[in-house]
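Engineer: Once you've had a glance at the structure underneath, I'll fire off some questions.
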Amino acid sequence: MSNIPDVSHFSSLDNKRLIESDKAHYMHGYHAFDEHRQHGSLNITQGDDAYIRDAQGQQYLDAVGGMWCTNIGLAREEMAQAIAEQTRQLAYSNSFCDMANDRAIQLSEKLAELAPGDLDRVFLTTGGSTAVDTAIRLVHYYQNCRGKHEKKQIITRINAYHGSTYLTMSLGGKQADRPEEFDFLTDGIHHLSCPNFYRAPEGVNEAEFLEGLVAEFENKILEIGPERVGAFLAEPIMGSGGVIIPPAGYHRRMWEVCQRHDVLYISDEVVTSFGRLGHFFASEAEFDIQPDIITTAKGLTSGYQPLGACIFSERIWEVIAEPGAGRCFSHGFTYSGHPVACAAALKNIEILEREALLPRAREVGRYFEQRLRTLEDLPIVGEVRARCFMACVEFVADKTTRTLFPEALNIGEWVHLRAQKRGLLVRPIVHLNVMSPALTLTHEQVDFVVDVLRESILETLEDLRAAGHW
């Protein structure tokens, strides 16, 4: 169990006031207005390693890992010290033009060392969304510098998630993220089929499914015109889209298409980097590709500070930084290269290396995969998708036809709420429960997660029957 102190004896009155204040003033990300108005929020007050505690004193094993990000676990004293020491030394420094700071330089060097191949150039951002936004602006800048002013169309995929800025949400392909009240960019963005073999047409095997995906990509490039396609943007494993693990060889084949048509390959590793799949970066180690650009965030600081990075190739740098061209990359953020965030990232990487958390994540992650797949014997579990510490349980109304429950039922929330009362947090996404726990998880904690999920799914089954939904 965790070492979180029990503060419930003094928090109840404060929490009641905070609940009302939250309803009155605080608009959340993905704010569900009616639900929040009725139920308020789960107010989290403390955390230690893989555990968090709410204001009522209830402790939970956080199998969500915050938001795919608490890789080394919470309440690391040496992280707190590193952040405090950097705050005392240099709390802020402008990173524009000819200004820099030690920590930003050191982190950029370290990221260049860890990234595959010639990805030696680093633009530091404030998170994943701004890293992807930067990558797209970099593609446009690069193509203009080459004199290829039409080569800026971006191809991405249905069910992808690439961030929540105006541009990155437009790049994403999740239908749930496209309510009619929002507007989205459409010019210059194209979406391919989701590489989810579980949803492949009846009678199509995995090899045939892969061939269809690759052919669709090449045909889309030819339809648009290779002289107009600037980049392909893809998560190695789709995260919020449902932990979609593509068919074996998918990324390599898509990369080869990019090579044939002079299309940049952007690997969105905001989730999959820094140990989530057992490697600092998964593109080459897991999927045998050398991207032109990698975006990262989340596990870069394990959530201790907001930070992201766009890491790109020397080949791109040589074009945009051509000597004598007199160019300026007029793009940046006030908090780019923030010294405190960079200090946190450097300490985070040190911990990952010193404690050998990446090989440990691969070993315990395999056990996590195996244990989760035992849930597939349950009547409403259609498929378990898992790779290391990135996992998803998909619920279906009919396992034979793979028919989903009505979206309005929000079956993932049913299971999530029943797990929550047992001390486990999983992330409900309509018909899914998604998990991305800390890399420090033990075999015993894995057993707890799976056992509680089984109990919660069985209780959900009983409640569905009682309510006439199944």
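Engineer: As a test of reading the structure, rank C388, C97 by solvent-accessible area (1.4 Å probe, protein chains only), most first.
Structural biologist: On the way: C388 5, C97 130 Å².
Ranked list, largest accessible area first: C97, C388.
Engineer: Residues with beta-carbon under 12 Å from that of M435, excluding M435: net charge, scoring Lys, Arg +1 and Asp, Glu -1? Before the final figure, lay out each step's value.
Structural biologist: Values: positive: R276, R371, R385, R387, R427; negative: D62, E369.
After counting each charged neighbour, the total is +3.
Engineer: Once amide H atoms are placed 1.01 Å from N in the peptide plane, what residues at a sequence separation of 5 or more from E383, or on another chain, have their amide H within under 5 Å of its amide H?
Structural biologist: Placed amide hydrogens put E394 under 5 Å from E383.
Engineer: Let me ask something else. Express as a percent, rounded to the nearest 5, the fraction of DSSP beta bridges in the chain (both residues included) that run antiparallel.
Structural biologist: 65 percent
Engineer: Also, I was wondering about something else. Please work out how much accessible surface W470 shows to a 1.4 Å probe, ignoring ligands, DNA and RNA, in Å² rounded to 10.
Structural biologist: Its heavy atoms expose roughly 100 Å² to the probe.
Engineer: Now, a different point. Want the number for E353 to H31: 0.36 nm per residue separation, take away the alpha-carbon distance, what's left?
Structural biologist: 112.2 nm
Engineer: Give me the 1.4 Å probe accessible area per residue for the chain, excluding ligands and nucleic acids, in Å².
Structural biologist: Working: 20680 Å² over 470 residues.
Solvent-accessible surface per residue comes out at 44 Å².
Engineer: Which ³J(HN,Hα) values, rounded to whole Hz and listed in residue order, are derived for region 293-300 from phi using the Karplus coefficients 6.51, -1.76 and 1.60 in 6.51 cos²θ - 1.76 cosθ + 1.60 with θ = phi - 60°, glycine and proline given as x?
Structural biologist: These are the phi-based 3J(HN,Hα) values: 9, 10, 9, 8, 5, 6, x, 4 Hz.
Engineer: What distance in nm separates the two pseudo spin-label positions at L90 and D288, each 7 Å out from Cα along the beta-carbon direction?
Structural biologist: Simple spin-label model gives 4.4 nm for this pair.
Engineer: If you take the alpha carbon radius of gyration of region 329-426 and divide it by 2.2 N^0.38 Å, what ratio comes out, to two decimals? Don't jump to the answer; show the numbers that get you there.
Structural biologist: Details: Rg = 19.8 Å, N = 98, 2.2 N^0.38 = 12.6 Å.
Relative to the 2.2 N^0.38 Å estimate, region 329-426 comes out at 1.58.
Engineer: Only helices at least 15 Å long along their axis, Cα-based, and averaging 0.0 or more on Kyte-Doolittle count here, so list those DSSP H runs from the chain.
Structural biologist: Taking the DSSP H segments of the chain (at least 15 Å long, mean hydropathy at least 0.0), we get 206-224, 339-354.
Engineer: In sequence order, what are the phi-derived ³J(HN,Hα) couplings for region 167-175 according to the Karplus relation 6.51 cos²θ - 1.76 cosθ + 1.60 with θ = phi - 60°, rounded to whole Hz, with x for glycine and proline?
Structural biologist: These are the phi-based 3J(HN,Hα) values: 5, 5, 5, 5, 5, x, x, 7, 4 Hz.
Engineer: Here's a follow-up. Among DSSP beta bridges whose residues both lie in region 221-370, state the antiparallel percentage, nearest 5. Mind dumping the intermediate values first?
Structural biologist: Values: 5 of 12 bridges.
In region 221-370, approximately 40 percent of DSSP beta bridges are antiparallel ones.
Engineer: Determine the shape class of region 79-355: with a ≥ b ≥ c the square roots of the Cα gyration tensor eigenvalues, call it rounded for a/c under 1.5, and otherwise prolate if a/b is greater than b/c, oblate otherwise.
Structural biologist: On the way: a/c = 1.82, a/b = 1.42, b/c = 1.28.
Note, shape of region 79-355 comes out prolate.
Engineer: List the residues, sorted by chain then number, that are 5 or more residues from I44 or on another chain and whose placed amide H is less than 5 Å from its amide H.
Structural biologist: Counting only residues 5 or more places away or on other chains, the set is empty.
Engineer: Something else: Keeping every protein chain in place, order S93, S193 by accessible area at 1.4 Å, biggest value first, i.e. largest first.
Structural biologist: Most to least solvent-accessible, the answer reads S193, S93.
Engineer: Any idea how far apart Q259 and N144 come out in nm if each label point goes 7 Å out from Cα toward Cβ?
Structural biologist: Label-label distance for Q259 and N144, simple model: 3.1 nm.
Engineer: Would you mind checking which residues have amide H under 5 Å from L192's amide H? H placed 1.01 Å from N; only 5 or more apart, or other chain.
Structural biologist: When sequence neighbours closer than 5 places are left aside, the close amide H contacts are T156, R157, I158.
Engineer: If you plug each phi of region 421-428 into the Karplus form 6.51 cos²θ - 1.76 cosθ + 1.60 with θ = phi - 60°, what whole-Hz ³J(HN,Hα) values come out, in order, with x for Gly and Pro?
Structural biologist: With coefficients 6.51, -1.76 and 1.60, one gets 5, 9, x, 10, 10, 10, 9, x Hz.
Engineer: Could I ask something else about it? If we count every other residue with Cβ under 14 angstrom of L352's Cβ, Lys/Arg +1 and Asp/Glu -1, where does the sum land?
Structural biologist: On the way: positive: R76, K110, R276, K298, K347, R354, R360, R362; negative: E78, E113, E350, E353, E355.
Computed value for this residue: +3.
Engineer: Please give the net charge around L409, taking every other residue with its beta carbon less than 15 angstrom from that of L409, where Lys and Arg add +1 and Asp and Glu add -1.
Structural biologist: -4
Engineer: Which value at 222 nm does the chain reach when only helices count, each DSSP H run of 4 or more adding -39,500 (n - 2.57), with the total divided by all residues and rounded to the nearest 500 deg cm²/dmol?
Structural biologist: Result for the chain, helices only: -12500 deg cm²/dmol.
Engineer: Given a Förster radius of 41 Å and the C-beta distance between E78 and K421 as r, what FRET efficiency does 1/(1 + (r/R0)^6) yield to the nearest 0.05?
Structural biologist: 0.75
Engineer: So which chymotrypsin sites (Phe, Trp or Tyr not before Pro) in region 89-137 are both in a DSSP loop and have at most 16 other Cβ atoms within 10 Å of their Cβ?
Structural biologist: Loop-located and lightly packed - Y92, F96.
Engineer: So, by mean Cβ neighbours within 10 angstrom, what's the order for 156-162, 224-230 with the highest one leading? Let's see the in-between values first.
Structural biologist: Details: 156-162: 24.0, 224-230: 16.1.
Listed from highest to lowest mean packing, they are 156-162, 224-230.
The values are calculated or read from the model by the stated rules, or taken from the named source; none is laboratory data. The model shown is predicted, which means the values in this text are computed figures rather than measured ones. All Cβ positions, even for glycine, are placed from backbone atoms using ideal geometry, and neighbour counts span all protein chains on display. Note: accessible area is taken over every heavy atom of the protein model, side chains too, but ligands, DNA and RNA are not part of it. Shrake-Rupley method; radii C 1.70, N 1.55, O 1.52, S 1.80 Å.
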